[in-house]
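Only the coordinates and a few stated rules stand behind these numbers; no lab work does. All values reported here derive from a predicted model rather than from experimental measurement. Note that each Cβ is placed from the backbone with ideal geometry, even for glycine, and that neighbours are counted across all protein chains shown.
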Amino acid sequence: MSLDEISIKRKERLNELKKIKISSDLKTNGVKDVSNNNEYPDFDDRKSCLSKLPLSFRNYDPELRRPRIGFENSILERNETVEHEAQKLEENVDYDLKNIEFGYNELDISGLTPKEVNSDLKRLMQMKIDNLKGRTEIAISKLIRERLLMKSNVTEHDCK
C-alpha cells in the first residue's frame, strides 16, 4: 500500500467516526439527523443542526440579561492581588517623587570629604613602601656578598 492509499483510508475512517458522533449527539439532544450522505456536509446543514441544539447558560442568565450570581463580581476584583499591590506602590512612589522638594542649594560639601586624615592611599602605603625598600636593599647587598665570596672561593681553589 502506498502512503496515498493509507491516508485516504484514514480520512474515510475519520469521516465515519464524525458521522457517528454527530448522529449520537443529535439523538441524545432530541434533534433528528439532518446530515447528508455526502462525505462533507454543507455548512448550512451543520449550521441548522447546531441552531436546533438547546443552549445551556452556565454563566449567563437570559431572563435577567446579565451574568449569573457569583459571576457578577470577579473574585480577583474583591481580593488583593500582587498586581494591585504593585500598582499601589507605583502610585505611592510617583506621588512621593512629585512632592519631594530637593534642596540643591542646601547641599553640604563638607560632608562629602572623608573624616580620616590618612585617607590618601599614597600616605597610607608610604611606611610599608619604606620598609620594603630597606629589605630589598639588604637582600641585594647579601646577594652581592655571596657572589663575591663565591668568586673569591673559586679563585682560591684555582690558585692552590
Item to check | Inter-label distance, nm, simple model (7 Å from Cα along the C-beta direction), E80/L132 | outcome: 5.8 nm
Item to check | R66 paired with K18, simple spin-label distance in nm, labels 7 Å along Cα-to-beta-carbon | outcome: 4.3 nm
Item to check | the stretch 4-18 - phi-based ³J(HN,Hα) in whole Hz, Karplus 6.51/-1.76/1.60, Gly and Pro as x | outcome: 5, 5, 5, 5, 5, 4, 5, 4, 4, 5, 5, 5, 4, 5, 4
